[in-house]
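Okay, structure first, notes after.
The values are calculated or read from the model by the stated rules, or taken from the named source; none is laboratory data. Every value quoted in this text rests on a predicted model; they were computed, and no experiment measured them. Reconstructed Cβ throughout: ideal geometry from the backbone, glycine too, with neighbour counts over all protein chains shown. The area values use the complete protein model at the heavy-atom level, side chains included, leaving out ligands, DNA and RNA. Shrake-Rupley method; radii C 1.70, N 1.55, O 1.52, S 1.80 Å.
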Amino acid sequence: CMRGKQSLNDMLTYWVFQIVGGFVGALLAGVIGGSFAVLSIGSGSTLLQALLAEVAYAFILSFVVLGVATNSQADGNSYFGAAIGLTVTAGAISVGGISGGAFNPAVALGLSFSKGFANLGYSGFVALANLVGGAAAASVFFLVAPPEEFESIGATAGETTGLIA
């Protein structure tokens with residue numbers, strides 16, 4: 001939506017289906033694995049540390065997705081899955097023990113919903129932190145991406161790429 005490639009209605013519909021997918025995925029994992037996971041702040045970590053970890057990795061993950069999976073200059077690449085998967089893995093290893101490692105509002109909410117709304121308050125904060133990280137990534141992408149990535153919103157090169165010619 002921030003790139004002008006999707007309407008607000010389409011974005012909201014996408015969000016609903018993402019959350020449903022997060023719930024179904026968490027539910028299946030709980031049933032198959034025999035226990036349901038829930039997000040929580042890591043032992044010895046504070047709420048601020050956990051939320052900052054989520055903002056940072058949601059930013060990194062969103063920026064990677066924008067760069068390798070939605071950028072027209074990366075069309076037909078064969079590495080987008082590896083780039084995204086390795087980003088999630090790096091986040092899970094480095095800050096998963098601090099925040100729970102959702103990096104995606106649908107994951108945060110899906111885990112809570114699948115366990116009977118367990119730790120919903122924290123999951124809601126994590127979802128908001130993920131949205132902040134994603135919006136920041138879209139904003140930075142707007143600054144550095146080629147202007148043709150934003151032609152659908154009528155922006156010119158000078159309006160979108162103050163950092164590159």
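Looking across A82, A118, one residue alone is farther than 12 Å from A56 by Cα and touching a Ser or Thr at 6+ places or on another chain (Cβ under 8 Å). It is A118. In region 5-29, the residues that are in contact (Cβ under 8 Å) with a residue 40 or more places away in the chain reach residues that are among the acidic types (D, E) with C-beta atoms within less than 9 angstrom, at least six apart or across chains, in these pairs: K5/E149. Within region 108-135, take every residue that is outside any helix (DSSP H, G or I) and free of Cβ contacts under 8 Å to residues at least 40 places away in the same chain and give me the one that is surrounded by the most Cβ atoms within 10 Å (Cβ to Cβ). For region 108-135, the residue satisfying everything is F117.
Just to verify a result, which residue in region 68-98, among those that are modelled with pLDDT under 95 and among the β-branched types (V, I, T), is surrounded by the most Cβ atoms within 10 Å (Cβ to Cβ)? The qualifying residue surrounded by the most Cβ atoms within 10 Å (Cβ to Cβ) is V68. Selection within region 12-67: residues that are among the polar types (S, T, N, Q) and part of a loop (DSSP other than H, G, I, E, B). The member of this set that is least open to solvent (accessible area, probe 1.4 Å) is S45.
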